[in-house]
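Notes to accompany the following structure.
The values are calculated or read from the model by the stated rules, or taken from the named source; none is laboratory data. All figures in this text were calculated on a predicted structure; none of them were measured in a lab. Here Cβ is always computed from backbone atoms with ideal geometry, including for glycine, and neighbour counts include all displayed protein chains.
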Amino acid sequence: MKTLLCFFTAVVIAFTGNAQTAINVFASAKGEAEYASPSALGYKMDADSVDYDEIKGSPFWKNEGSPAIIFLQDGRLIKVDKVRLNFYTNDLYYKFGSGPELVAKTGTVKQIGFLNNSDSATVVANFQRFRDVRSAYNPNEAPFCQVLNEGQVKLLKLVSVNLDKKFDFVGGKMQSEFLSRVEYYLLKGNMVFAVKKISKENILAFVIPEDDTKNWLAANNNKLKSENEVLAFLEYYNKGK
């Protein structure tokens, strides 16, 4: 199940204290959003020097890049032609017009809405930083989590990527490979619950079931064992909230 969010302008729910409510940047409204220059993203002078062509696998969400709306920490919006999200470095790579690909300055970006390549009014994936979520491989920086649905209770998906190096005895040389792990979180208001692995027990520990909830799960043969099953359940659950 893929949630598509249509937008024409931005509605921003700002952070308050330690609040980490998901920001509804892409809510439907009249008018056009006002975008800042892509130069507001800045660029890292010390961008990583990893030769990705020499490493097996990819650390990027969609390696070819996609157009995106970017929400900055200071509240401004930017629309960029090509954006890639690097799960290994937690960096945003961007390309505007005929210019070179740059890496956004650390700490600049709060949220990314990747757009449909053929329909720039449709957001196909929404990534946001949450300060209480940490990657096992990089505990010092809040990573980008994918917000998979709308509503009072949201499912967050964290993809962590690590660079594994081992000696290839057949080839007689060191071999590098990107390895990824997926973890899930549930978000309700300011509360983040680490699901880690999707299961009925883990989901219902946070979303306390009532009789109608149990009946719906049984009627729909929903075992809460997969991402799609949890999203279908949350779509039902959030309608009553």
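Couple of notes before you dig in:
- Candidate set from the range 97-116 (those that are surrounded by 14 or more Cβ atoms within 10 Å (Cβ to Cβ) and either small (G, A, S) or in a loop (DSSP other than H, G, I, E, B) (or both)); member that is nearest to the chain's Cα centre (by Cα): G113
- Among the conditions (1) at pLDDT below 90; (2) surrounded by 14 or more Cβ atoms within 10 Å (Cβ to Cβ); (3) in a loop (DSSP other than H, G, I, E, B); (4) not charged (D, E, K, R), the only one that N149 does not satisfy is (1).
- Boolean, K110 is in contact with a Lys or Arg (Cβ under 8 Å, 6 or more places away or on another chain) and free of Cβ contacts under 8 Å to residues at least 40 places away in the same chain: no
- The range 58-75, residues that are within 26 Å of N116 (Cβ to Cβ) and surrounded by fewer than 15 Cβ atoms within 10 Å (Cβ to Cβ): K62, N63, E64, Q73, G75
- Inspection of the range 185-196 identifies at least one residue that is assigned to a strand (DSSP E or B) and small (G, A, S).
- Here the condition is being modelled with pLDDT of 85 or more, of a type in the set (F, W, Y), more than 26 Å from K165 (Cα to Cα) and in a loop (DSSP other than H, G, I, E, B); of Y94, Y88, Y43, it holds for Y43 alone.
- The one condition from (1) in contact with a strand residue (DSSP E or B) (Cβ under 9 Å, 6 or more places away or on another chain); (2) surrounded by 14 or more Cβ atoms within 10 Å (Cβ to Cβ) that W216 does not meet is (1).
- Residue match in the range 219-240 (condition: over 19 Å from L148 (Cβ atoms), in a helix (DSSP H, G or I) and not assigned by TED's automatic domain parsing to the domain that holds R134): yes
- Qualifying residue in the range 184-198 (condition: crowded, with 19+ Cβ neighbours inside 10 Å, closer than 22 Å to Y88 by Cβ and touching a Lys or Arg at 6+ places or on another chain (Cβ under 7 Å)): yes
- For the residues D164, D119, the requirement of being at pLDDT below 90 and of a type outside the set (A, V, I, L, M) singles out D119.
- Failed item, numbered, when R134 is tested on (1) farther than 19 Å from G107 by Cα; (2) out of contact with any Lys or Arg (no Cβ under 9 Å at 6 or more places or on another chain): (1)
- Tabulated pairs, the range 167-187, first over 17 Å from P143 (Cβ atoms), second among the aromatic types (F, W, Y) and part of a strand (DSSP E or B), C-beta under 9 angstrom, 6+ apart or interchain: K173/F167; M174/F167; Q175/F167
- Listed conditions (1) among the aliphatic types (A, V, I, L, M); (2) in a loop (DSSP other than H, G, I, E, B); (3) touching a Cys at 6+ places or on another chain (Cβ under 6 Å) are all met by L158, apart from (2).
- Residue match in the range 154-170 (condition: in contact with a Phe, Trp or Tyr (Cβ under 6 Å, 6 or more places away or on another chain), closer than 29 Å to L115 by Cβ and of a type in the set (V, I, T)): yes
- Cβ-Cβ under 6 Å pairs, at least 6 apart or on other chains, the range 205-227 side within 23 Å of L156 (Cβ to Cβ), far side exposed (fewer than 13 other Cβ atoms within 10 Å of the Cβ): none
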